[in-house]
Every structure is written in C-alpha cells, then in structure tokens.
1. Please get the size of the charge dipole for the chain, origin at its Cα centre, with Cβ charges of +1 on Lys and Arg and -1 on Asp and Glu, quoted in debye to the nearest 20.
2. If Lys and Arg each add +1 and Asp and Glu each add -1, what is the summed charge of the other residues whose beta carbon sits under 9 Å from the beta carbon of Asn250?
3. Report the extension gain between Val122 and Lys195 in nm, rounded to one decimal, defined as 0.36 nm multiplied by the number of residues separating them, less their alpha carbon distance.
4. So what does the Cα-only Debye profile of the chain read at q = 0.07, 0.15, 0.17 Å⁻¹, as log10 I(q)/I(0), no solvent term?
5. Using 0.36 nm per residue, how much length does the chain from Arg103 to Ser237 gain when fully extended, once their Cα-Cα distance is taken away?
6. Using the alpha-carbon centroid of each, what span in Å lies between the stretch 131-162 and the stretch 226-254?
7. Of the options Ser11, Val129, Ala71, report the single residue whose Cα projects farthest towards the positive end of the charge dipole of the stretch 1-159 (beta-carbon charges: Lys, Arg +1; Asp, Glu -1).
8. Can you tell me the order of 20-26, 266-272 when each peptide is scored by its average per-residue count of other Cβ atoms within 10 angstrom, highest first?
Amino acid sequence: MIDLHTHSTASDGTLEPEALAELAAKKKLSAIALTDHDTVAGVARAQAAGRALGVEVVPGVELSVGSERGALHLLGYFVRPEDAGLRAKLDEWCGVRQERARRMVEKLGELGIEIDYARVEVAAGSGSVGRPHVARELMRAKAVRSVEEAFERYLRRGKPAYVPREMPKAEEAIALIRSAGGVAVLAHPATLWLKGAELEARVKELRGQGLEGIEVHWSGHSVRQRRELLALAKKLSLVATGGSDFHGENKPGIQLGSGRRGNTRVEDALLDALRQHLLMRR
Ligand code: AMP
Ligand code: ZN
Ligand code: FE
Ligand code: FE
C-alpha cells in the first residue's frame, strides 16, 4: 500500500519528515509522497530516512491556487526539489504566507487575544507557515481547545481573524510543476464543489493548461465520488492518484496510509501508473 498525499512539519503537518518515513515503514507502506504546502524543504530529509527504511519517498508539493469556487489545490509529483525556478517561486509564495500569518495575529490582537508572531514562526519552522500554526498558538494561549475550534471561531473564511491570501493562477502553478519536471494532479476535486458536467468542464479546462491527473482516493471523498472521479479520469485520459492528506495531530481523524476510518488505502499500482506516465511523456 502507498500514500501519495502527506504533510510534514515543513508545512502544517506535526511529524518531522524523518518521523513520517518511519511511520510509513511501521505501517508497512512501500511508498509515500511528501506533498507539503508550497515547500519542498522536507523532501530530502524524508527521502534520506526512507532510503534507510526501505520506503520510497516520492518528491512532491501541494500548491493552492486561486479559484472562483471552493478550494483548488494542485499536487506536483516527481518535481526536482533543487530546481531553481521552483525554489524561487515557492520562496515568494512562502513570503506571502508569512505576511498573511502576521496580519492574522494582528487581527487576533485586535480581538483581545495576544499571540506572539515569533512563536508562530518558530512553530512553522523553515518551510511554509499556515493557519494550523496560528491555530496551535491559539491552543497554547488557551483561547481554543482544538485546531478545529480555532478554525470555526477565528480562522475560517468569514471568521473574524481570517485574512485572504493572494494565490497564483492554476495555469501558472501547473506550468511551474511541469518546468520542475513534475506531473500536475488536481488534489481532492470534491473541494471545488462542482458535479457532473460542470466538474468535467473545469477539469478539461485544467487539462488544457497541462494537468495530467486527478486525485481519486482522498479521506474526504465518498465511495460514490471516487467511482465518479475514476470514471472521469478514464474518460479524460488522466492519471488517477490517491492519498490520505495526513497532517498528524493537526487533523487527528486522518491516519497515514488508511485515511479516515480506513477509507483511503491506495494500491501500489497507482504509483506504477504515475511513473509509467512520466516515462512515456519524456
Ligand atoms: P492555509 O494554507 O494557511 O490557508 O491553511 C489551510 C490548511 O489549514 C489546510 O491545508 C488544512 O491543513 C488546514 N485546515 C483548513 N480548514 C481546517 C479546519 N476546519 N480544521 C482543521 N484544519 C483545517
Ligand atoms: Zn495542510
Ligand atoms: Fe489540499
Ligand atoms: Fe494536503
């Protein structure tokens, strides 16, 4: 079994990249992809640990892009982590994230909740900062009891400490993934909140911009959604992928390699197909 969607402390997961590889080995997974938000800072560390443990670590990244509706995230598989163009753009986007987190801390201050931004930065480490890091500081300040509560009361879109983040266009993100040697895959299509013909039209549009796959298996997808997404992938000649979206303690209901209550177990064949696709393209 494999898990092609995971987050480490390089973004908003709670396990260090090495610990993630160790957990994958403990769960007898043959491969994982590390897909941190807007950063590849954890890839080399996870790969080094994975090599020693016999777990393949596919280099990856997850990019958030602007969307009129819902959340549009793109997974980039087999990107070259040292690619200069990729690094430069990711650094820029991480800078935007820092500025935004700083403004959210300011807004919380205006609401009478004093949080030290420096602590948020330390919690975020060397990779990308995100709302879950702010949420954990809110927990530490005893303003909330869980990450979930922090989002519900303060951090979600529409809540008082929310600050929107400027995001790149899908076209730009897909081009970046491809220029770094990667395969661009639409993450958790369900979060687009589109169905049937509308979803198909949107996916086709993205395919026209260089998209090559869709994430069929994901902890938040129902059995029916998976069936429909698999059919869509076949119809549009897109690669089907799958992963849990494991974030450690930041999403306590999701387990590495099995998802939510065992709903996301992914066969090795999907990674074989992804690799095959990459080889054929070159
Ligand atoms: P950001 O990238 O800073 O906008 O934060 C988005 C991240 O926060 C997502 O990738 C999830 O990991 C996490 N997240 C979003 N909504 C929630 C929620 N309601 N509860 C817990 N975590 C969430
Ligand atoms: Zn996340
Ligand atoms: Fe995502
Ligand atoms: Fe994710």
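No value in this document is a laboratory result; all are computed from the given coordinates. In this text, all values refer to a predicted model and were calculated from it rather than measured experimentally. Neighbour counts run over all protein chains shown; Cβ positions are idealised from the backbone, glycine included.
1. 720 debye
2. In short, 0.
3. Length gained between Val122 and Lys195: 22.2 nm.
4. For the chain at q = 0.07, 0.15, 0.17 Å⁻¹, log10 I(q)/I(0) is -0.24, -1.15, -1.46.
5. Value of the extension gain: 44.0 nm.
6. If we compute the Cα centre of each part, the gap is 27 Å.
7. Ala71
8. Result, highest mean first: 20-26, 266-272.
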